[in-house]
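See structure below.
Nothing in this text is a laboratory measurement; each read-out follows from the coordinates by a stated rule. Source: prediction; values computed, not measured. Every residue, glycine as well, gets a Cβ built from its backbone with ideal geometry; the counts of neighbours run over all protein chains shown.
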Amino acid sequence: SKAPVRVAVTGAAGQIGYALLFRIASGEMLGKDQPVILQLLDLPQAQKACQGVIMELDDCAFPLLAGVFATDNPDVAFKDADICMLVGARPRGPGMERAELLSANGAIFTVQGKSIAENAKEDVKVLVVGNPANTNAYIARKSAMKVGRTNPANYHGMLRLDHNRALSMAAAKIGRPVSSLRKMAVWGNHSPTMYTDYRNATSNGDSVKALINDAAWNNDVFLPTVAKRGAAIIEARGLSSAASAANAAICHVRDWVLGTEDWVTMGVPSDGSYGVPEGIIFGFPCECKNGSYKIIQGLEIDAYSQEKIAKTLKELQEEADAVKSML
Ligand code: NAI
């Protein structure tokens, strides 16, 4: 049988952690024949809650769960990790300025990036879920690069929830199942400036753009609805999206590790593609094979798309500027 894969999950005592850990342990992320060891990180005051989650994991008697522990020490949590899912982050408090939010998270992700680079496997795959996800991933990556050792291409931010929201909404609009869709894309930041793009999407081979054929609906309904979906969930549930966020994290890592035939949106460090400066963590349509990913190249960017992409890029560059002094 296969050797266990070590998966570190931060913010393990939180909402997303609760929706995520049981699915990883059941084999939904890495396969039904792949044992896993879960390495949970959370703050000191959350250790008791982590122990409760571990009790429940034990009570599931998952055949694939080869081990689980919790700690408040990043070096222990990331030790020999093959995959790190960075969910824990500092939420925006009442009256908190954007700059304060960025610097509070900067303090977390500089430490965690360095710790991953020093402790995890050299080919570790890192997915940042905690917001602001792109910039937190940017910070973790830069901090890890000072240490060296790990692969700088493997520090990602999560845009998969936005991608999945776009799939679901486009499917409903054309009255066809989600499973009929291919080639969706979301560009840029996981924030309301993201650019959700079905120009290249197909449904059973038919152009989704031609099926919808409504530029006003795209601009005035589709884009803002996907972009503001997180706020709509908070409004309805009184809590931010958790099960769908955990599902998106599982989709991202599963496709990265096991590969995919379709395009998937990943927040990856730009290699200069589409004029996005190198190193910015940007949502691009990607393809995954043999444990690595590739940004889809050669897509036509029309004037409308260019304007949207420029806007979300500008926001990411401003965020990068705001954390510069920490790196
Ligand atoms: P939560 O507040 O329920 O849980 C967060 C957990 O992280 C808490 O247990 C907290 O103690 C822990 N934590 C805080 N700082 C930590 C640190 N330095 N090290 C380790 N653990 C730490 O929050 P929830 O709902 O689970 O959300 C987690 C994050 O995911 C938030 O930042 C949220 O904004 C983000 N999110 C991102 C989405 C995306 O699409 N990228 C979608 C939904 C949420």
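Summary of values
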read-out: Using θ = phi - 60° and Karplus 6.51 cos²θ - 1.76 cosθ + 1.60, couplings along the stretch 162-172 (whole Hz; Gly, Pro as x); value: 5, 4, 5, 4, 5, 4, 5, 6, 5, 4, 5
read-out: Integer Hz, Karplus 6.51/-1.76/1.60 couplings in order for the stretch 218-233, x for Gly and Pro; value: 4, 6, 9, 10, 4, 4, x, 5, 5, 5, 9, 4, x, 5, 5, 5
read-out: Helical mean residue ellipticity (222 nm; -39500 (n - 2.57) per DSSP H run of 4+; nearest 500) of the chain; value: -13000 deg cm²/dmol
read-out: Mean Cα-pair separation over length for the chain, i.e. relative contact order, pairs under 8 Å, 6 or more apart, %; value: 17 percent
read-out: Using alpha-carbon coordinates, inclination of helix 133-147 to the longest axis of the chain, degrees; value: 50 degrees
read-out: Distant alpha-carbon pairs in the stretch 210-272 (separation over 16 angstrom), percent; value: 66 percent
read-out: Neighbourhood charge, 14 Å Cβ-Cβ cut-off, centred on A320 and excluding it, Lys, Arg +1 and Asp, Glu -1; value: 0
read-out: Built amide H within the under 5 Å cut-off of V68, gap 5+; value: L38
read-out: Using alpha-carbon coordinates, inclination of helix 303-322 to the longest axis of the chain, degrees; value: 30 degrees
read-out: Distant-in-sequence amide H partners of F282 (H built 1.01 Å from N, under 5 Å); value: V268, S270
read-out: Ranked list, fewest to most other Cβ atoms within 10 Å of each Cβ, for D82, D75; value: D75, D82
read-out: Pairs from K146/K324; K209/K289; K79/K114 whose Cα-Cα separation, in the structure shown, is over 18 Å; value: K209/K289
read-out: Cut-off under 5 Å, modelled amide H: who pairs with A185 long-range; value: D197
read-out: Whichever aspartates and glutamates have a C-alpha closer than 20 Å to that of K173, once near sequence neighbours (fewer than 8 apart) are set aside; value: D162, D197, D206, D214, D220
read-out: Cβ-based net charge around I116, under 14 Å, with every Lys or Arg adding one and every Asp or Glu removing one; value: +3
read-out: Whole-number Å³ per residue for the convex hull built on Cα positions in the stretch 14-59; value: 71 Å³
read-out: Within-14-Å neighbourhood charge of I296 [Cβ basis; K, R +1; D, E -1]; value: -2
read-out: The chain: most fluctuating residue of N247, N189, N219 per GNM, C-alpha cutoff 10 Å; value: N219
read-out: Exposure proxy ranking, count of Cβ atoms within 10 Å, fewest first, for Y293, Y138, Y198; value: Y293, Y198, Y138
read-out: 20 Å-binned pair-distance histogram of the chain (Cα, whole percent); value: 33, 59, 8
read-out: Inter-centroid distance (Cα atoms) of the stretch 1-68 relative to the stretch 182-216, Å; value: 34 Å
read-out: J(HN,Hα) series, the stretch 68-73, from Karplus relation 6.51 cos²θ - 1.76 cosθ + 1.60, nearest Hz, glycine and proline x; value: 7, 8, 10, 7, 9, 10
read-out: Fewest-first sequence of I296, I37, I16 by Cβ atoms within 10 Å of each Cβ; value: I296, I37, I16
